[in-house]
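The values are calculated or read from the model by the stated rules, or taken from the named source; none is laboratory data. Keep in mind that what you see is a predicted model, and the values were worked out from it rather than measured. We place every Cβ from the backbone using ideal geometry, glycine too, and count neighbours over all the protein chains shown. Surface accessibility is based on the protein's heavy atoms, side chains included, excluding ligands, DNA and RNA. Shrake-Rupley method; radii C 1.70, N 1.55, O 1.52, S 1.80 Å.
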Amino acid sequence: MAFAVEVENIGHCYGELRALAGVSFTVGDSEIFGLLGPNGGGKSTLFRILSTLMRPQEGTARVGGYDLLREPDLVRRCLGVVFQASSLDLKLTAEENLRHQGHLYGLRGRDLQQRIELMLGRVGLADRRHTACEKLSGGQKRRIEIAKGLLHNPRLLLLDEPTTGLDPLARREMWSYLTLLRERDGIAVLTTTHLLEEAEDCDRLGILHKGHLAALGTPAELKQEIEGEVLVMEADAPERLRQGIQERLHQPAQVIGHQVRIERAQAHEFVPALMDAFGPQIRSVTVARPTLEDVFLRRTGQRWSIEAMGEAPAATAAEARA
Amino acid sequence: MMEPAATATPAELAATPSAAVPARVNRPTGLWLPAATLWWRELVRFYRQKARVVGVIGSPIIFWLIIGAGFGTSFSTGAAAQGAAKQGYLAYFFPGTMVLIVLFTAIFTMMSVIEDRQEGFLQAVLVAPCPRTSIVLGKVLGGATLATLQGIVFLALAPTLCIHVGFLQFWAVFGVLGLVALALTGAGFIIAWRLDSSHAFHAIVNLFLIPAWLVSGALFPLAGASKWVRLVMLLNPLTYGTEALRQVLYGASALPLSTALGVTAGFDALMLAIALWMVRGERRAGV
């Protein structure tokens, strides 16, 4: 398989603050790769580097075989970029925005017109071509953004939190369109996300936490690391419960906040034993198949939900400034 | 909200033959196509925001009438009326007002650099494979074109002062305005490039560009100014633009036309060079 992206040992600091450290991974052609991580984990920094807006301080990457540092213009030709913030000129119509974009990529004349027709048709907005973008809905604007990013038929489509602000239906439509791009046109997709449900739909995932790649693999592979099922108990005195379980039932457990977690095969069969021994201490028990949330927890030692709320404000601020 | 009816279903999309996929782009974009498209956008965008058009032309006209009429009766002799003795101060102030219109338009259009950055439009331009030079040229030439056109519109008021502009003279005025516009738009671009708020932009503009206009010979002439003010005026590049304009309008000025044009052209070159240098350095600086 040819690689659309090869990231080699990229590192970056904002002053004292390390945003990325030794990040390496590859994305194959026709692959949807998700960069999952909480805010401040380094996703935005990596996105800015891969989109050629910023040079990494350490390491490099190749996009479509071209070096990010030495051949930025060749990299840019292979790249379609859809930013989180709208990049449309709202005073221009949908078609004018696409024509402008085409000119920036050196496209012109009949060839450009054909591409515009094709893209408008594909995103289902052919009838809105003469509408000023300020009059389009959020979902429609996002579709024009995608059309913009694909106009020059890039080898890699880079997306930054593409479904932010979209309703569930629009979100699903966006996702099925990305899948289609990969299957029909062989375009590789690299998308950042902080949504676990979205990450589940990627072919492969990289979990970025505190600037490090905490995990890399398909969602299924990552979840397989966790044997069997996950059992979570709510308790008032979680540490006492954990010790008790370890001593009396010889089952290793983990305390996270007010919860005690156990990973084991056939965990549901373990519930009666637990209740017999520690019933009064346990407020509730949940048994579930492992999710990416569990993978995140296992790899980083931190709970996803707390992190996702932005526990690293310093890093977030630095990324926002950048 | 998305209307599912308006969207092709994945099955329909999948049915689109892959032969319809256009080729990948493999050639350089060239310098002028991206520059032209950015230039065009600048013009379209400006004229679609009617309030801006009214603002940049309306307020200098009011300035001109109020200041011109007010000062005109206050001091009417000698150097103040240089080159247009008969029409008085209103006529003296006329070229200065044109420069003010150019200045206002330049400021307004270059504020869009900040808006583009805030809205995300600029990011999309910066990841396109076009040369950075195209971006500077498109943006600055777009603003300069608008500023020149707005200045020319004001020229329609010249006959009210019995100033009759001949055909060749019209193009001379057009050319000089263009040179002044390029310099001021370039300066606006340089100020706007690194700033992230329009408040900061206005603060800097009020600190540098407006005072530069005040001592450019627009309001009062070189000849009558005190020694220090005169020195400041001679060091101010905008003075040469105002005087070049006065020269082509009235055939008389405090400075020789060749000097005035030469310094203005030099100012243009300097502003463009600084703008280019800043845009090229951006990725290295990691801002």
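Odds and ends about this structure:
- Unique match (being open to solvent by less than 40 Å² (accessible area, probe 1.4 Å) and either more than 17 Å from B:V102 (Cβ to Cβ) or more than 17 Å from the chain's Cα centre (by Cα) (or both)) among B:R246, B:R280: B:R246
- So A:L166, is it within 18 Å of the chain's Cα centre (by Cα) and modelled with pLDDT under 90: yes
- Close pairs (9 angstrom Cβ cut-off, 6 or more residues apart or separate chains): over 22 Å from B:V53 (Cα atoms) in region B:150-170, among the basic types (K, R) and open to solvent by 80 Å² or more (accessible area, probe 1.4 Å) anywhere: B:C162/B:K86
- Residue count for region B:254-269, restricted to those that are outside any helix (DSSP H, G or I) and open to solvent by 50 Å² or more (accessible area, probe 1.4 Å): 1
- Per-region count, region A:25-50, residues at pLDDT 85 or above, assigned to a loop (DSSP other than H, G, I, E, B) and in contact with a Phe, Trp or Tyr (Cβ under 8 Å, 6 or more places away or on another chain): 1
- Taking region A:253-269 as the range and being of a type in the set (A, V, I, L, M), under 18 Å from A:E227 (Cα atoms) and in contact (Cβ under 8 Å) with a residue 24 or more places away in the chain as the test, the residues that pass are A:V260, A:I262, A:A265, A:A267.
- Some residue of region B:218-234 being among the polar types (S, T, N, Q), assigned to a helix (DSSP H, G or I) and more than 16 Å from the chain's Cα centre (by Cα): no
- Residue list for region A:59-87, filter: of a type in the set (V, I, T) and at the interface with chain B (Cβ under 7 Å from one of its Cβ atoms): A:V81
- Here A:A170 meets the list (1) among the small types (G, A, S); (2) farther than 22 Å from B:P129 by Cα; (3) in contact with a Ser or Thr (Cβ under 7 Å, 6 or more places away or on another chain) almost entirely, failing just condition (3).
- Checking every residue in region A:285-294 against the condition of being touching a helix residue (DSSP H, G or I) at 6+ places or on another chain (Cβ under 9 Å), of a type in the set (K, R) and touching a residue at least 60 places away in the same chain (Cβ under 8 Å) gives at least one match.
Results for (1) open to solvent by 30 Å² or more (accessible area, probe 1.4 Å); (2) within 8 Å of chain B (Cβ to nearest Cβ); (3) farther than 22 Å from B:L31 by Cβ; (4) touching a strand residue (DSSP E or B) at 6+ places or on another chain (Cβ under 8 Å), shown as yes or no for each residue.
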residue	(1), (2), (3), (4)
A:G109	yes, no, no, no
A:Q114	yes, yes, yes, no
A:C133	no, no, yes, yes
A:K141	yes, no, yes, no
A:I146	no, no, yes, yes
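- Cβ-Cβ contacts under 8 Å between residues 6 or more apart (or on different chains), taken from a first residue in region B:43-71 that is within 14 Å of chain A (Cβ to nearest Cβ) to a second residue that is loosely packed, with under 14 Cβ neighbours inside 10 Å, are listed as B:V53/B:Y47.
- Only one entry of A:L90, A:L53 meets the criterion of being within 13 Å of another protein chain (Cβ to nearest Cβ), over 21 Å from the mean Cα position of the chain (by Cα) and outside any strand (DSSP E or B), and that entry is A:L90.
- Being within 30 Å of B:R48 (Cβ to Cβ) and modelled with pLDDT under 85 is not true of B:F71.
- Residue in region A:118-126 that is within 24 Å of the chain's Cα centre (by Cα), of a type outside the set (A, V, I, L, M, F, W, C), within 9 Å of chain B (Cβ to nearest Cβ) and surrounded by fewer than 21 Cβ atoms within 10 Å (Cβ to Cβ) present: no
- Selection count where residues are open to solvent by 40 Å² or more (accessible area, probe 1.4 Å), in contact with a Gly (Cβ under 8 Å, 6 or more places away or on another chain) and hydrophobic (A, V, I, L, M, F, W, C), scope region A:27-86: 2
- Listing of helices (runs of 4 or more DSSP H) fully contained in region A:169-268 that carry 2 or more residues being loosely packed, with under 15 Cβ neighbours inside 10 Å: A:219-224, A:238-249
- Positions within region A:123-148 being within 18 Å of A:E173 (Cα to Cα) and part of a helix (DSSP H, G or I), in sequence order: A:A126, A:G138, A:G139, A:Q140, A:K141, A:R142, A:R143, A:I144, A:E145, A:I146, A:A147, A:K148
- Selection within region A:99-117 - within 28 Å of the chain's Cα centre (by Cα) and not polar (S, T, N, Q): A:G102, A:L104, A:Y105
- Filter result (open to solvent by 40 Å² or more (accessible area, probe 1.4 Å) and either in contact with a helix residue (DSSP H, G or I) (Cβ under 7 Å, 6 or more places away or on another chain) or within 22 Å of A:E198 (Cα to Cα) (or both)) within region A:12-23: A:Y14, A:L17
- For region A:155-176, residues that are at the interface with another protein chain (Cβ under 10 Å from one of its Cβ atoms) and small (G, A, S) total 2.
- Selection count, region A:98-137, where residues are out of contact with any helix residue (DSSP H, G or I) (no Cβ under 7 Å at 6 or more places or on another chain) and either under 15 Å from A:L88 (Cα atoms) or hydrophobic (A, V, I, L, M, F, W, C) (or both): 4
- Within region B:115-132, residues that are touching a residue at least 24 places away in the same chain (Cβ under 8 Å) sit with their Cβ atoms under 6 Å from residues that are in a helix (DSSP H, G or I) and open to solvent by 10 Å² or more (accessible area, probe 1.4 Å), at 6+ positions apart or across chains, in these pairs: B:P129/A:D73; B:P129/A:R76; B:P129/A:R77; B:R132/B:R280.
- For A:G102: the one exception among (1) of a type outside the set (V, I, T); (2) touching an Asp or Glu at 6+ places or on another chain (Cβ under 9 Å); (3) facing chain B (nearest Cβ under 8 Å); (4) open to solvent by less than 10 Å² (accessible area, probe 1.4 Å): (3)
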